[in-house]
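Encoded as structure tokens, here's the structure I'll be asking about.
Rule-based calculations on the coordinates, nothing more; no lab input. Remember, it's a predicted structure, so these values are computed and weren't measured experimentally. For neighbour counting, all protein chains shown are included, and Cβ atoms are generated from backbone atoms with ideal geometry for every residue, glycine included.
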Amino acid sequence: MPNERVERNEPILKECPYCKRAYPTSGFTKTKSVFFPDGYLSVCNNCIDSSLRKNEYSWKAVDKMCQLVDIPFVPYFWEDTKRGNPRNPFAIYAALYYGKEND
Ligand SMILES: [Zn+2]
């Protein structure tokens with residue numbers, strides 16, 4: 001089993017296919033989905049946020065995004081996260097969720 005606690009020290013830039021900008025991996029949402037073998041979504045957090053914002057953060061849109069990241073959509077937890085984090089609430093939701101799981 002790979003040790004998930006091993007973190008690479010060198011900064012790795014990853015390019016988002018939508019905005020064509022390169023970000024360190026912290027600009028991407030972590031996922032355990034098998035569709036993203038490097039452990040991060042291919043689309044950057046900013047693009048995810050603007051896509052969800054276009055949908056006015058509808059539960060349907062957020063739920064779809066949760067399926068992509070392979071985390072459950074918990075409406076009350078989402079609403080709480082969104083209220084407390086007007087910027088990139090989805091990235092924070094996903095990070096909090098994985099944080100919870102690791103406790
Ligand atoms: Zn992007």
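In Å, what is the Rg of the alpha-carbon atoms in segment 17-103, and how long is Dmax?
Answer for segment 17-103, Rg first and Dmax second: 12.1, 35 Å.
Using 0.36 nm times the number of residues separating Lys64 and Val34, minus their current alpha carbon distance, what extension gain do you get? Working shown, then result.
On the way: separation 30, 0.36 × 30 = 10.80 nm, distance 1.62 nm.
Length gained between Lys64 and Val34: 9.2 nm.
When we measure straight from the Cα of Lys82, which lysines land under 24 angstrom away, once same-chain ones fewer than 8 places off are left out?
Of all the lysines, those that pass the test against Lys82 - Cα under 24 Å, at least 8 places apart if same chain - are Lys30, Lys32, Lys54, Lys60, Lys64, Lys100.
Sticking with this structure for a sec: Need the full-extension length gain, Ser50 to Leu96, defined as separation in residues times 0.36 nm minus the C-alpha distance. One decimal, nm.
Values: separation 46, 0.36 × 46 = 16.56 nm, distance 1.99 nm.
Length difference between fully extended and current span is 14.6 nm.
What is the fewest-to-most order of Ile12, Ile92 by other Cβ atoms lying within 10 Å of their Cβ? It would help to have the intermediate numbers written out before the result.
Values: Ile12 13, Ile92 16.
Result, fewest neighbours first: Ile12, Ile92.
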